[in-house]
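Okay, structure first, notes after.
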Amino acid sequence: MALNLSQKQEVVAELAEVAAKAHSLVAAEYAGTTVEQMTAMRKKARESGVFLKVVKNTLASRAVVGTEFEVVKDALTGPLLYAFSTEEPGAAGRLIKEFAKGNDKLKARLVAVEGKLHPASHVEVLASLPTREQALAMLARVLAEPATMFARVVKAVADQQGGGDVAAEAPAEAEPA
């Protein structure tokens, strides 16, 4: 069913708003994907902070103008599914990678991150980025490491000083009376 002008404007406005806030974009070919597969992917997308939309490329091209995803404008050809990561950069990559495993019809076509267009193979790199929780855990470990090292050094110094006193006293106890 064709969209009228006001519906097209709404779609462009919605996509432009999402694109302005998104961290990354993965555009994928989806022709041949079943309704059940698309429904499952949409459900997983909502759970993982990914905005998933199938829209005409001309509308998507208009929507990304003025955003960091404008670089994809000329590469949008054929029927594409647009996955914008809204909460963390790697979410769209993980979603497309996960669903492409069980669906040979779903193929990443392009990836855009921080104003740069990348080939489809870059979806692997994007998918390997840590989740927000993983990144925070890594940061906590990095921040805790200096304190841990300091505590080890203080303990080692205290052990050496304590060990030196015991060694100095040992011969005094061993002398005959």
- Note on the structure: For the chain the mean separation of alpha carbon contacts under 8 Å (6+ apart) over residue count, i.e. relative contact order in percent, is 25 percent
- Task: Taking the chain as the reference, fit the longest principal axis to its C-alpha atoms, fit the long axis of helix 35-47 to the helix C-alpha atoms, and give the angle between the two in degrees, 0 to 90, nearest 10.
- Result: 50 degrees
- Task: Beta carbons within 10 angstrom, averaged per residue: use that to sort the peptides 80-86, 131-137, 118-124, highest first.
- Result: 80-86, 118-124, 131-137
- Note on the structure: Using alpha carbon positions and the Kirkwood radius, the Rg to Rh ratio of the range 8-74 is 0.97
- Message: Counting pairwise Cα distances across the range 5-129, what percent come out greater than 24 angstrom?
- Response: 17 percent
- Task: Using a cut-off of 15 Å between beta-carbons, work out the net charge of the residues near LEU139 (Lys and Arg +1, Asp and Glu -1, LEU139 not included).
- Result: -1
- Task: Treating only the Cβ atoms of Lys and Arg (+1) and Asp and Glu (-1) as charged, compute the dipole magnitude of the chain about its Cα centre; round to the nearest 20 debye.
- Result: 1420 debye
- Phi to ³J(HN,Hα) by Karplus 6.51 cos²θ - 1.76 cosθ + 1.60 over the range 22-34, Hz, x for Gly, Pro: 6, 8, 7, 9, 10, 9, 9, 6, 10, 3, x, 6, 6
- Task: Inverting the mean 1/r over all pairs of different Cα atoms, compute the Kirkwood radius of the range 89-151 and quote it in Å.
- Result: 13.6 Å
- Task: In whole Hz, with x marking every Gly and Pro, tabulate ³J(HN,Hα) for the range 134-143 from phi via Karplus 6.51 cos²θ - 1.76 cosθ + 1.60, θ = phi - 60°.
- Result: 5, 5, 5, 5, 5, 4, 4, 5, 5, 5
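Just so you know, all these numbers are worked out from the coordinates, no wet-lab data involved. Source: prediction; values computed, not measured. Using ideal geometry, Cβ is built from the backbone for each residue, glycine included, and neighbour counts are taken over all protein chains shown.
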